[in-house]
Amino acid sequence: MFVNNNTVVKHRYKGGQHATFNNALWSGMNVITGHLHSQRVSPITDYGRTRWGVDTGCLAYTQGPQFSYCEQNPSNWISGFGVFTFHDGELLPPELVTVWNDERSEIVFRGEIIKV
């Protein structure tokens with residue numbers, strides 16, 4: 001889904017360890033995805049402007065039974081989501097909300113641990 005003429009939100013574009021950087025590089029736009037489940041923000045700046053490649057993480061509990069297909073192997077997944085603010089049509093630096101402690105229902109946002 002194109003948010004505007006410089007930002008797109010989609011499940012995936014490029015893959016692999018450097019997907020967020022490559023998404024912004026190869027698209028020429030801000031690209032927000034969730035495919036990696038890993039919460040990453042990769043800026044890339046050229047002569048024109050800064051573009052953001054973002055992976056928002058995984059809304060689900062990453063150790064849940066829905067992921068049994070991973071066969072109990074470690075994953076680089078993080079539960080959370082992204083917050084995106086636009087000013088005059090430009091995406092400001094993306095912010096991540098990260099699950100800090102599932103058992104205590106705590107998240108981290110802007111350097112603060114918040115009970116939800």
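Nothing in this text is a laboratory measurement; each read-out follows from the coordinates by a stated rule. Here the structure is a predicted model, which means the values were calculated and not measured. Methodologically, a virtual Cβ is constructed for each residue, glycine included, from the backbone with ideal geometry; neighbour enumeration extends over all protein chains shown.
Things to note:
- Of all residues making up segment 39-60, the number that are under 20 Å from Gly89 (Cβ atoms) and of a type in the set (D, E, K, R): 3
- Under the condition of being surrounded by fewer than 11 Cβ atoms within 10 Å (Cβ to Cβ) and either under 17 Å from Gln39 (Cα atoms) or within 16 Å of the chain's Cα centre (by Cα) (or both), the residues counted in segment 94-111 number 2.
- Selection status of Asn76, touching a residue at least 24 places away in the same chain (Cβ under 8 Å), farther than 28 Å from Glu106 by Cβ and either buried (at least 19 other Cβ atoms within 10 Å of the Cβ) or more than 11 Å from the chain's Cα centre (by Cα) (or both): no
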